[in-house]
1. How many angstrom lie between the Cα centre of segment 1-57 and the Cα centre of segment 121-179?
2. In nm, what is the difference between 0.36 nm times the number of residues separating Thr173 and Met1 and their Cα-Cα distance?
3. For a label point 7 Å from the Cα of Ile89 along Cα→C-beta, name the residues of segment 105-130 whose backbone N is under 11 Å from it.
4. In nm, give the distance between the simple-model label positions of Thr96 and Ala29, each being 7 Å from the Cα along the Cα-to-Cβ direction.
5. Count the DSSP beta bridges whose two residues both fall in segment 2-175, then state the antiparallel fraction as a percent rounded to the nearest 5.
6. Can you order the peptides 83-95, 101-113 by their average number of other Cβ atoms within 10 Å per residue, highest first?
7. What ³J(HN,Hα) values, in whole Hz, does the Karplus curve 6.51 cos²θ - 1.76 cosθ + 1.60 give for segment 90-106 when θ = phi - 60°, with x put for Gly and Pro?
8. Ranked from highest to lowest mean number of other Cβ atoms within 10 Å per residue, what is the order of the peptides 17-25, 50-58, 140-148?
Amino acid sequence: MLRAKLSEARITLAKDPNHPAGLAAELFALTKALEAKIIAAYLPFGTEPNIGGFVSGASAHGLKLIMPVSNPDGSLHWIHYAGVSAPGIFGFDEPTGEPAELREAQLILIPASAVDRAGNRLGKGKGFYDIALAPPEVNAPVAAVVYEPEVLNGLPVEDHDQPVDFIVTPFRTIAVGSR
């Protein structure tokens, strides 16, 4: 029920033409503050927070991107992103390129449906990112990217849920230090 309510509200939020620039500015500031040069990011799909400005400007800021590709078993594999994509198993564009490992990342950006001030993230319910973030060798800071109204006071948490360290909206970045 919560996911459905958030999804409905997101339809309007995703249409704001100022959000991509705000997200890019916040994300570039965060990478600079963390001195991160290898960033795990994502290609936004549908109403996910549009980090396209960050993705397209990463190279000019001296950043290298690695991105996820969905596997049928619910896991993700990672590639070095060079601006090329093709339809993935769910029909939307996913990056193509040379293999990478998530443990290479110095900052991991993940989409979320909502996140709370304790760093608990609500995803789409399939667990792809929770699986990817679980191995101990994946230890880079994680930032959930959401719209401002999706920063909540509390969320239900399950044992497999992986917390985040930062919340990034088009207007601010919040350090939650949950890990």
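Bear in mind these aren't lab numbers, they're just calculated from the coordinates by the rules spelled out. Please read these numbers as outputs of a predicted model, since none were measured by experiment. Using ideal geometry, Cβ is built from the backbone for each residue, glycine included, and neighbour counts are taken over all protein chains shown.
1. Cα centres, segment 1-57 to segment 121-179: 13 Å.
2. Working it through step by step, the gained length comes to 59.2 nm.
3. 128
4. 3.8 nm
5. On the way: 15 of 29 bridges.
Here the antiparallel bridges make up roughly 50 percent for segment 2-175.
6. Working: 83-95: 13.2, 101-113: 20.5.
In decreasing order of mean packing, 83-95, 101-113 become 101-113, 83-95.
7. For segment 90-106, the Karplus-derived couplings read 9, x, 9, 5, 10, x, 10, x, 6, x, 9, 10, 4, 5, 6, 5, 9 Hz, x marking Gly and Pro.
8. Values: 17-25: 16.6, 50-58: 19.1, 140-148: 24.0.
Answer by packing, highest mean first, reads 140-148, 50-58, 17-25.
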